[in-house]
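Asks: First, the structure itself, so that you have it in front of you.
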Amino acid sequence: MHNLRTDIEARFGSVHRFCRLHPFLNRATVYMVLAGKYGGNIERQTRRIRDALEGQDDEKRIMETIKTTACARCSVTGECSRCDALFTAQAKAVTQLFSR
């Protein structure tokens with residue numbers, strides 16, 4: 001957990017600022033995970049925090065939203081991943097646009 005806290009502080013200055021910029025993460029949960037006192041699934045929460053730190057969580061959620069919307073309008077039925085590269089590129093572009 002020390003490395004995670006160090007990474008957060010190096011990039012955002014403080015854990016508090018990191019939490020303010022990532023409102024989908026519960027602040028109390030982040031502090032408990034970093035202190036090693038979280039009572040739930042610590043691996044899952046650590047992954048969520050790490051994804052947010054690396055900016056992957058937003059991109060992943062945007063990609064899933066784009067895919068859901070596009071696939072609902074597509075004539076192909078069933079599970080398909082043919083357009084995933086396009087959706088990923090679009091999600092990355094949106095994430096970069098809003099990170100400025």
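Each value in this text was obtained by applying a stated rule to the coordinates, not by laboratory testing. Because the structure is predicted, anything quoted here is derived from the model rather than measured. Positions of Cβ are backbone-derived with ideal geometry, glycine not excepted, and every protein chain shown enters the neighbour counts.
Asks: For segment 9-100, which chymotrypsin sites (Phe, Trp or Tyr not before Pro) are both in a DSSP coil and crowded by at most 16 other Cβ atoms within 10 Å?
Replies: Sparse-neighbourhood loop chymotrypsin sites (Phe, Trp or Tyr not before Pro): F24.
Asks: Compute the distribution of all C-alpha to C-alpha distances in the chain, in bins of 10 Å from 0, and list the percent of pairs in each, rounded to whole numbers.
Replies: P(r) for the chain, in whole percents per bin: 14, 38, 26, 17, 4.
Asks: Filter the GluC sites (Glu not before Pro) in segment 16-100 to those in DSSP coil with at most 15 other Cβ atoms within 10 Å of their Cβ, and list the result.
Replies: Sparse-neighbourhood loop GluC sites (Glu not before Pro): E79.
Asks: Could you compute the FRET efficiency for Y31 and A93, with r as their C-beta to C-beta distance and R0 at 35 Å, rounded to 0.05?
Replies: According to the calculation, E is roughly 0.60.
Asks: Moving to a separate point now. Stokes-Einstein diffusion coefficient for segment 57-98 at 20 °C in a medium of 1.002 mPa s, Rh from the Kirkwood formula over Cα pairs: what value in µm²/s?
Replies: 203 µm²/s
Asks: For the pair R82 and T69, how long in nm is the line joining their label points, each one 7 Å along Cα→Cβ?
Replies: Using points 7 Å along Cα→Cβ, the separation is 2.1 nm.
Asks: May I ask for the angle, rounded to the nearest 10°, between helix 2-12 and the longest principal axis of the chain, with both axes built from Cα atoms and the value confined to 0 to 90°?
Replies: 70 degrees
Asks: Okay, moving on. Do the sum for the chain: with -39,500 (n - 2.57) for every DSSP H run of n ≥ 4, divided by all residues, what is the mean residue ellipticity at 222 nm, to the nearest 500 deg cm²/dmol?
Replies: The helix contribution divided over the chain gives -22500 deg cm²/dmol.
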